[in-house]
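Beneath this line is the structure, given in structure tokens, with notes to follow.
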Amino acid sequence: MAAPRTDGLITAVDIGSSKVAALIAQPVEGGLQVLGTGQRESRGVKHGFIADMERTEHAVREAVEQAERIARTNIEEVWVSFSAGGLYSDVASVEVALGGQRIEQRDIDELLGAGRNSIDPEGRLVLHAQPALYTLDGLNGVRQPLGLHAEKLGVDIHVVSADPSPVRNLDLCVRSAHLAVKSIVASPIATAMSCLSEEERELGVALVELGAGVTNVSLFAGGLLVGLASLPIGAGEITDDIASTFGMRRAQAERLKCFHGSAQTSPRDNHEMIEVAGGPDGAEPLRISRAQLIAVIRQRLEHWFAAIEEALKALGFTGPIARRLVLTGGGAELKGIADYAQSVLGRAVRVGRPRGLIGMPEAHSGMSFATLAGLVLYAASDPIDLRQVPHPQSVTRVSPSGMVQRLIAAVRSSY
């Protein structure tokens with residue numbers, strides 16, 4: 001059987017705190033066809049940061065090699081996710097004077113060039129610099145200014161940056177596995193590509209990635225990412241709580257959480273007993289009630305979702321636009337998590353599964369693979385990045401103070 005064509009292959013690698021996953025896809029008529037996937041346990045990443053270079057490099061190499069074997073091809077470059085807790089989100093604005101002329105493409109190009117010069121990451125490394133909404137003579141919320149007349153043309157630029165050292169460590173780790181890094185993508189941007197519908201991004205939605213070591217809270221409105229917060233907590237802490245409370249190995253605790261855990265209680269929980277195998281030293285099997293297990297889980301969830309609620313408030317996710325919330329990531333696989341979140345946060349909540357790829361294996365179609373699928377979709381979308389725009393000749397800076405709230409207000413006024 002002939003090896004598949006390698007034209008336009010896209011390879012994504014998601015390096016998380018619990019696993020390293022790889023996916024090879026190819027554009028075909030009607031979408032993106034998955035050719036191969038691979039997965040290995042992640043033992044060198046803590047809260048999204050590379051803590052053991054050798055172990056992480058080994059996991060990356062094995063995950064990619066597994067995907068290559070299934071796809072029957074070799075790859076040279078990859079798109080990589082970055083989900084560490086050092087992500088920052090900011091919005092800056094720039095304007096250029098037009099003198100009432102009709103807006104031509106060169107005017108937009110000049111504006112975007114000015115936008116590139118306005119980015120001030122304050123020592124951080126810029127991962128994304130994407131144009132958001134345009135302004136015409138102070139009118140906010142313009143999506144396509146080409147062909148209109150204006151005295152001044154402006155644009156709001158959403159910038160995602162990160163502390164440089166963790167990004168460089170990630171880059172070095174992947175390159176040490178003999179892979180070229182095509183681009184490093186902030187995981188919230190990738191995840192949104194696979195989990196959110198166009199309507200959700202337009203009307204306003206919060207995407208909460210419940211990772212093993214990091215929780216990313218991102219806000220979308222008018223089809224754009226307008227806010228981002230990163231929390232150094234994750235589902236791995238629930239596993240640790242279970243292991244500590246009942247005196248068991250972490251692997252046992254993770255299995256207990258996945259098979260018997262829940263975010264919701266029921267009257268049957270006190271009567272349902274769970275037997276956990278004893279350790280290698282011949283210890284007696286442990287018997288606990290499901291109610292005991294759920295009590296430990298819910299105690300951690302209270303702290304977790306209190307932090308998420310604070311992040312949502314800080315991002316300005318309030319009012320009519322703040323009615324929808326999507327949970328994804330490995331933590332979203334906990335039974336009853338959507339109902340729990342809805343009762344705590346007071347918003348409509350759904351669980352976001354990855355979609356948009358053809359032939360995704362069932363084993364890799366769960367919420368914990370949303371970022372991996374989104375990386376491929378993001379790469380195929382050929383996104384605009386102002387870091388690649390030439391330097392401008394002039395620029396007028398506008399204060400970014402309250403910019404996220406202004407963007408949300410502009411979107412809200414359009415409906």
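Listing for the model above:
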| read-out | value |
| --- | --- |
| Most mobile of ALA84, ALA251, ALA206 in a GNM of the chain (Cα contacts under 10 Å) | ALA251 |
| DSSP bridge orientation in the chain - percent antiparallel, rounded to nearest 5 | 75 percent |
| Dipole of segment 113-202, positive direction: furthest Cα of SER197, VAL155, SER187, with charges on the beta-carbon | SER187 |
| Cα-Cα pairs of segment 169-239 separated by more than 18 Å (percent) | 51 percent |
| Potential lengthening between GLU76 and LEU172 on full extension [0.36 nm per residue; Cα-Cα distance subtracted] | 33.1 nm |
| Accessible area of ILE103 in the full protein assembly, 1.4 Å probe (Å², nearest 10) | 0 Å² |
| 5 angstrom amide H check on VAL155, placed H, neighbours 5+ away | VAL94, THR135 |
| Total charge dipole magnitude, the chain, about the Cα centre, Cβ charges on Lys, Arg, Asp, Glu only, Debye to nearest 20 | 540 debye |
| Segment GLU151-ARG69, length gained on full extension (0.36 nm per residue, minus Cα span) | 23.7 nm |
| Hypothetical label at GLU41: residues of segment 238-255 whose amide nitrogen lies under 19 Å (7 Å Cα-Cβ projection) | 238-244, 247-255 |
| Label-point separation in nm, THR245 to ALA314, each point 7 Å along Cα→Cβ | 2.7 nm |
| Förster-model FRET efficiency, 30 Å R0, ARG347 and GLU198, C-beta, rounded to 0.05 | 0.90 |
| Globularity index of segment 272-369, i.e. its alpha-carbon radius of gyration over 2.2 N^0.38 Å | 1.43 |
| Area accessible to solvent at ASP90, 1.4 Å probe radius, in Å² | 80 Å² |
| Paramagnetic label zone (point 7 Å from Cα along Cα-to-C-beta, GLN264; backbone N under 20 Å) in segment 347-363 | 347-353 |
| Of HIS178, HIS158, HIS364, the one that fluctuates the most in a GNM where the chain has Cα springs shorter than 10 Å | HIS178 |
| Ranked packing of 252-261, 109-118, most packed first, by mean Cβ within 10 Å | 109-118, 252-261 |
| For segment 58-168, radius of gyration divided by Kirkwood radius, i.e. Rg to Rh on alpha-carbons | 1.18 |
| Where the Cα pairs of segment 2-112 fall when distances are cut into 5 Å bins, in % | 2, 11, 16, 14, 10, 9, 10, 9, 8, 6, 3, 2, 0 |
| Other-chain or far-sequence residues with amide H under 5 Å of SER17's (modelled H) | GLY48, ALA212, GLY213 |
| Calculated diffusion of the chain, Stokes-Einstein form, Kirkwood radius summed over Cα pairs, 20 °C and 1.002 mPa s, µm²/s | 94 µm²/s |
| Proximal lysines to LYS257, defined as alpha-carbon separation beneath 22 angstrom and excluding residues fewer than eight positions away on the same chain | LYS19, LYS46, LYS335 |
| Pair LEU286, HIS271: separation of 7 Å Cα→Cβ label points (nm) | 2.6 nm |
| Under Karplus coefficients 6.51, -1.76 and 1.60, residue-wise ³J(HN,Hα) of segment 117-131 in Hz, glycine/proline x | 6, 7, 6, 10, x, 6, x, 8, 9, 7, 8, 9, 9, 10, x |
| Accessible surface of the chain, 1.4 Å probe, proportion on carbon and sulfur as whole % | 48 percent |
| Sequence ranges 38-48, 10-20, 91-101, ranked by mean other-Cβ count within 10 angstrom, highest first | 10-20, 38-48, 91-101 |
| The chain, accessible area per residue, ligands and nucleic acids excluded (1.4 Å, Å²) | 45 Å² |
| Residues with amide H under 5 Å from that of GLU272, placed H, sequence gap 5 or more | ARG290, ALA291 |
| Isotropically averaged projected area of segment 141-300, using the convex hull of Cα atoms (one quarter of hull area), nm² | 15.7 nm² |
| Electrostatic dipole magnitude of segment 163-255 [Cβ: Lys, Arg +1; Asp, Glu -1; Cα centre; debye, to 20] | 460 debye |
| Point-to-point label distance, ASP52-GLU302, nm (Cα→Cβ direction, 7 Å offset) | 3.5 nm |
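The values are calculated or read from the model by the stated rules, or taken from the named source; none is laboratory data. Note that this is a predicted model, so its numbers are computed, not measured. Virtual Cβ from ideal backbone geometry, glycine too; neighbours counted across all protein chains shown. Just so you know, the surface numbers come from the protein's heavy atoms only, side chains and all, with ligands and any DNA or RNA stripped out. Shrake-Rupley method; radii C 1.70, N 1.55, O 1.52, S 1.80 Å.
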